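Chemist: One structure is given below, represented as structure tokens, and several questions about it will come after.
Here, each number is a calculation from the coordinates, and none is a lab measurement. Just so you know, these numbers come straight off a predicted model, no measurement behind them. Cβ atoms come from the backbone with ideal geometry, glycine included; neighbour counts cover every protein chain shown.
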Amino acid sequence: MSRTGKKAITVPNGVTANMADGQLSVKGPKGTLSMPLADEVSYEIGDGTISVKPNNETKRARSFWGMQRTLIQNLVTGVTEGFSKTLEITGVGYRATAQGKTLKLQLGYSHDVNFAVPEGIEIKTPDQTTVEISGIDKQKVGQVAAEIRRWRKPEPYKGKGIKYRGEYIFRKEGKKK
């Protein structure tokens with residue numbers, strides 16, 4: 001039995017959920033999100049709740065049960081609160097500036113890196129070493145953060161690079177004389 005799947009998803013006031021043509025769409029104050037429904041799981045939209053149950057006891061149906069419930073919860077959270085990730089840039093001369101739909105990164109290369117911000121994502125730079133990524137789609141926010149971080153991952157000797165806020169960088173000792 002899935003502990004996650006058993007819990008019903010509460011739909012807050014101002015959020016509506018509809019099922020049509022194998023798609024679940026959730027509309028809230030921040031926008032609209034939709035996802036395809038899996039055939040292995042049955043869905044019930046009740047009075048202020050959405051519940052998910054497996055159709056049978058196969059391993060695939062039980063696997064989808066908790067995952068589908070979590071994906072629906074992410075849709076509801078996204079249209080009400082949204083998601084955000086914060087990146088921190090460490091290193092001499094490393095900086096970032098948001099210019100409209102482009103994030104300009106100076107990361108020690110011979111040229112600046114211009115990162116095009118995808119649709120539905122908002123990027124802010126409160127200071128030169130902090131990048132805040134926000135949006136309503138959790139997967140998209142995480143993907144954009146990973147693509148930005150990929151330009152200069154933190155290295156273990158000096159800790160220079162782009163890291164997530166709160167991420168621990170395992171530090172190594174340099175060579176000795």
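Chemist: Quick one: check the C-alpha center-to-center distance for region 1-31 versus region 73-113, whole angstrom.
Modeler: 29 Å
Chemist: In addition: Which of Tyr157, Tyr94 has the fewest other C-beta atoms within 10 Å, and how do the rest follow up to the most?
Modeler: Tyr157, Tyr94
Chemist: Within 10 Å of each residue's Cβ, count the other Cβ atoms and sort Asp137, Asp21 from fewest upward.
Modeler: With the fewest neighbours first, Asp137, Asp21 line up as Asp21, Asp137.
Chemist: Now a separate question. Top mean-square fluctuation among Ile45, Ile123, Ile72, Gaussian network model of the chain, C-alpha springs under 10 Å?
Modeler: Residue with maximal mean-square fluctuation among Ile45, Ile123, Ile72: Ile45.
Chemist: Give me the percent relative contact order of the chain, please, defined on Cα pairs under 8 angstrom at least 6 residues apart.
Modeler: 18 percent
Chemist: Moving to a separate point now. Choose one answer from Ile136, Ile162, Ile50: the residue with the largest mean-square fluctuation in a GNM of the chain with alpha-carbon springs under 10 Å.
Modeler: Checking each option, the largest mean-square fluctuation is seen for Ile50.
Chemist: Using helices alone, I'd like the mean residue ellipticity at 222 nm for the chain: each DSSP H run of four-plus residues gives -39500 (n - 2.57), total over residue count, nearest 500.
Modeler: About -7000 deg cm²/dmol.
Chemist: Mean-square fluctuation check for the chain, GNM, Cα pairs under 10 Å: which of Ala20, Ala96, Ala145 is largest?
Modeler: Judging by the Gaussian network model, the answer is Ala20.
Chemist: Taking 2.2 N^0.38 Å as the expected size of a compact globular protein, what ratio does the Cα radius of gyration of region 83-164 give against it, to two decimals?
Modeler: With N residues counted in region 83-164, Rg over 2.2 N^0.38 Å equals 1.02.
Chemist: Just how large is the dipole of the chain about the Cα centre, in debye to the nearest 20, putting +1 at every Lys and Arg Cβ and -1 at every Asp and Glu Cβ?
Modeler: Charge dipole of the chain: 1220 debye, to the nearest 20.
Chemist: Using 0.36 nm per residue, how much length does the chain from Glu119 to Thr49 gain when fully extended, once their Cα-Cα distance is taken away?
Modeler: Length gained between Glu119 and Thr49: 22.2 nm.
Chemist: For the pair Asp21/Gln128, report the inter-label distance in nm, with labels modelled 7 Å from Cα in the Cβ direction.
Modeler: 5.1 nm
Chemist: Kindly put Lys140, Lys175 in sequence by how many other C-beta atoms sit within 10 Å of each C-beta, fewest to most.
Modeler: Arranged by neighbour count, lowest to highest, Lys140, Lys175 become Lys175, Lys140.
Chemist: What pairs in Lys104/Lys175; Lys104/Lys153; Lys27/Lys140; Lys153/Lys175 have C-alpha atoms more than 27 Å from each other?
Modeler: Cα-Cα > 27 Å for Lys104/Lys175; rest within.
Chemist: Let me check against my output: what whole-number percent is the relative contact order of region 1-83, with C-alpha pairs under 8 Å and at least 6 apart?
Modeler: 36 percent
Chemist: A further question follows. Given contacts defined as C-alpha pairs under 8 Å and at least six residues apart, what's the relative contact order of region 82-177, whole-number percent?
Modeler: RCO, region 82-177: 31 percent.
Chemist: Which whole-Hz ³J(HN,Hα) couplings does region 106-121 yield from phi under the Karplus relation 6.51 cos²θ - 1.76 cosθ + 1.60, θ = phi - 60°, glycine and proline marked x?
Modeler: Each residue's phi maps through the Karplus curve to give 10, 10, x, 7, 6, 9, 7, 9, 9, 9, 6, 7, x, 5, x, 10 Hz.
Chemist: Taking every alpha carbon pair in the chain, what does the distance histogram look like in 10 angstrom bins from 0, in percent?
Modeler: Taking all Cα pairs of the chain, the binned fractions are 9, 29, 24, 20, 14, 3, 1, 0 percent.
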